[in-house]
Structure formats: C-alpha cells, structure tokens
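Undergrad: What follows is a single structure, and I will ask about it in a moment.
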Amino acid sequence: MKRSRNPAREWSRVAFHFQWLCLVSLLLPNLAGAADPLSIRAVAFSPDGKLLAAACGEPAQTGAIVLWDGVTRKQLWQHTEKKGVPAVAFSPDGRTLAIGSYGTDATLLWNVDTGETRARFSGTGGVHQLAFSQAARTLAVCGYGRNLSLFDLNLRAPDDKEREHIRTLLAKLDDDSYEVREAMSKELLAIGFSAEAELRKEMEETKSAEVRVRTRRLRQELLSKPRAVLKGHTDEVLGVAFSPDGNILASGSKDGTVRIWDLASKQELVRLVPER
C-alpha cells in the first residue's frame, strides 16, 4: 500500500536544507578568504586625508586597487587587475591615483572621481614603487632594475591659450612640408604630458593617416620614454621619495644605500649608508 505524504514533515525537511544552504553560503566566502587572503601591498591617504587607497595582491594573485572614503569608511570603487598591484600613490592635488601593476608591468594613472584609467606609462620593466612631484612635474618609477625612471607629468590641465596652441601644432601635422611636420612633432613632445589628452583625441578623430600615425607615435613616446634615467645603484631600487620642493629625489636600494639626487642636473649628490 502506498504511504501517504506528511506535508508537515516534507516542509520541515525543505526548511532544514534551506537553512544549511544559507549557512554554507555565508561561511564559504569567509573560509576562502581565510585560506588565501588578498594581501595588501601598499596604502596611501590623499593629501587632504579624505580618501584612502589600497594596492592589493601578490604577483601570482588577482590584484585590485580599492578606494575608500577616509571619513565614512565606505568603499567608493574597486578595480581588478589580472595580477597583483605592488604600489599606489596620490597626486598632490588628490585627483589622480598612480598604481604599479604586476600584470601589465606598467604604471597606470586613475581618475579618482570616476575610477577610470587616465594614462598608462610603460617601459620600466615592472614597478616596485613610485612617487609624484607636482613641483617638479615628474613621476618617478622604480622598475625591476637598478635605475630610476623619470617621466614628465604635469597634471595641470592646459588653459585656453595653451590648448589653442596645442591644436595649432596638431593641425600642422598634416602640412605638405616634411620639415614642418617634424618641427611640430618636436614642439608637441616638448610640451609634455599636458598635450596627451589632445593627442589622444586627435588620434581617435582624425581622418588623416599621417596625423593618426604621428599622434600615436607621439603619445607612445610620451608614455613609454622616460624624460631621464638615474643610474648609480648596484642592485634593485625598491623605494623613492621627492623633497617637498621637488628639487631633490631620494632612492633606496637592495645595495644598502640611500642616494640623494639633484633633479636639475640629474646627478647624485650624496650616498647614505645606515650605521650598524
């Protein structure tokens, strides 16, 4: 004879399984996090202390850059990288965030308000540490080597007069004269990072193959060719910092020395060794 179902017993069984599923769903993320936590490689406050950024992840881990409101502690945004992020620094005005990524071997500039990429500097062979100086209009990057790379980085947006000058130079990149095109290219490079946004816009919108090739090449040179390279350390450079006035740069290395550099001459001024 077929046994009749007990609705109360069936409901109790469903409720029991549902409770276990809820419990497991709560525990699994915590257990996974405890087994393999995402390491925090670097943290930085914005100059006004209102924002806090963290660079997360080892080379073999998925990386992330996370931004919090330093007052409310609310997470504002998070961006994931394919590999870990070893370095993070705010620009002096607090509007731009620079990170070093294991996944791209590049330094990325992020818009703090939107969390979108503003620019990508490459050519340093990875990133150990980085530092901004608005006074020196420079980004210093310690790559995976003995040298320090200095990139032009004037974050101030060009005013109307400067923007008009940049656009005039861009218009002449399609001039009939090769000499004129070359001269305009050199002038745009001399302007530096301030011209990057207009170069990118022209590269994307122009109908001229000549202008598209030149603007792409100029942007690549601005973002991959350091303005200067400081040489002297005999082992990997792991730390870097600017003086407040932007005239002096200090670097620390596995070679056991702190070296002080004059940014005007790009020469080493003094070498410091910790006493034991």
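The values are calculated or read from the model by the stated rules, or taken from the named source; none is laboratory data. None of these values were measured; they are calculated from a predicted model. Here Cβ is always computed from backbone atoms with ideal geometry, including for glycine, and neighbour counts include all displayed protein chains. Just the protein is used for accessible areas: all its heavy atoms, side chains included, with ligands, DNA and RNA removed. Shrake-Rupley method; radii C 1.70, N 1.55, O 1.52, S 1.80 Å.
Undergrad: Can you spot a residue in the stretch 120-135 that is closer than 27 Å to ALA44 by Cβ and in contact with a His (Cβ under 8 Å, 6 or more places away or on another chain)?
TA: no
Undergrad: Further question: Among what's in the stretch 116-152 and is of a type in the set (Lys, Arg) and over 20 Å from ARG216 (Cβ atoms), pick the residue that is least open to solvent (accessible area, probe 1.4 Å). Reasoning before the result, please.
TA: Of all residues in the stretch 116-152, those of a type in the set (Lys, Arg) come to 118, 120, 137, 146.
Keeping just the survivors that are over 20 Å from ARG216 (Cβ atoms) gives 137, 146.
Details: ARG137: 115, ARG146: 140 Å².
So the residue we want is ARG137.
Conditions (1) more than 11 Å from the chain's Cα centre (by Cα); (2) modelled with pLDDT of 90 or more; (3) among the basic types (Lys, Arg), marked per residue:
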| residue | (1), (2), (3) |
| --- | --- |
| THR72 | yes, yes, no |
| THR114 | yes, no, no |
| PHE121 | no, no, no |
| ALA131 | no, yes, no |
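Undergrad: Restricting attention to the stretch 49-78, which residues are under 20 Å from ASP113 (Cβ atoms), out of contact with any Gly (no Cβ under 6 Å at 6 or more places or on another chain) and open to solvent by 70 Å² or more (accessible area, probe 1.4 Å)?
TA: Hits for the stretch 49-78 are TRP68, VAL71, THR72, ARG73, LYS74, GLN75, LEU76, GLN78.
Undergrad: Any residue in the stretch 95-112 that's modelled with pLDDT under 90 and small (Gly, Ala, Ser): show its pairings with residues that are open to solvent by 40 Å² or more (accessible area, probe 1.4 Å) and not in a loop (DSSP other than H, G, I, E, B) at Cβ separation under 8 Å, as long as the two are six or more apart or on different chains.
TA: GLY100/GLN129; ALA106/ARG120
Undergrad: Here is a follow-up. How many residues are open to solvent by 30 Å² or more (accessible area, probe 1.4 Å) and closer than 23 Å to TYR144 by Cβ when one looks only at the stretch 239-249?
TA: Residues flagged as open to solvent by 30 Å² or more (accessible area, probe 1.4 Å) and closer than 23 Å to TYR144 by Cβ within the stretch 239-249 amount to 2.
Undergrad: With respect to GLU164, is the statement that it is assigned to a helix (DSSP H, G or I) and open to solvent by 60 Å² or more (accessible area, probe 1.4 Å) true? It would help to see each step written out before you state the result.
TA: Numbers: assigned to a helix (DSSP H, G or I): yes; open to solvent by 60 Å² or more (accessible area, probe 1.4 Å): yes.
Yes.
Undergrad: Could you tell me which numbered condition PRO92 fails, if it satisfies all but one of (1) under 24 Å from PRO244 (Cβ atoms); (2) assigned to a loop (DSSP other than H, G, I, E, B); (3) open to solvent by less than 60 Å² (accessible area, probe 1.4 Å)?
TA: The one condition PRO92 does not meet is (3).
Undergrad: Let me ask something else about it. Look through ARG214, ARG219 and report the one residue that is in contact with a helix residue (DSSP H, G or I) (Cβ under 9 Å, 6 or more places away or on another chain), free of Cβ contacts under 8 Å to residues at least 60 places away in the same chain and open to solvent by 40 Å² or more (accessible area, probe 1.4 Å).
TA: Numbers: ARG214 fails: open to solvent by 40 Å² or more (accessible area, probe 1.4 Å).
Just a single option satisfies the conditions, and that option is ARG219.
Undergrad: Kindly list, by first and then second residue, each pair from a residue in the stretch 48-63 that is under 22 Å from LYS74 (Cα atoms) to a residue that is open to solvent by less than 70 Å² (accessible area, probe 1.4 Å) and of a type in the set (D, E, K, R), limited to pairs with Cβ atoms under 9 Å and residues at least 6 apart or on different chains.
TA: Once the first residue is under 22 Å from LYS74 (Cα atoms) and sits in the stretch 48-63, its partners that are open to solvent by less than 70 Å² (accessible area, probe 1.4 Å) and of a type in the set (D, E, K, R) give LYS50/ASP69; LEU51/ASP69; LEU52/ASP69; CYS56/GLU81; GLY57/GLU81; GLY63/GLU81.
Undergrad: Output the number of the condition that GLU196 fails; it satisfies all remaining conditions of (1) outside any helix (DSSP H, G or I); (2) open to solvent by less than 50 Å² (accessible area, probe 1.4 Å); (3) within 24 Å of GLY125 (Cα to Cα); (4) of a type outside the set (S, T, N, Q).
TA: Failing condition for GLU196: (1).
Undergrad: Quick check on this structure: which one of MET203, MET184 is more than 25 Å from GLN134 (Cβ to Cβ), within 28 Å of the chain's Cα centre (by Cα) and buried (at least 17 other Cβ atoms within 10 Å of the Cβ)?
TA: MET203
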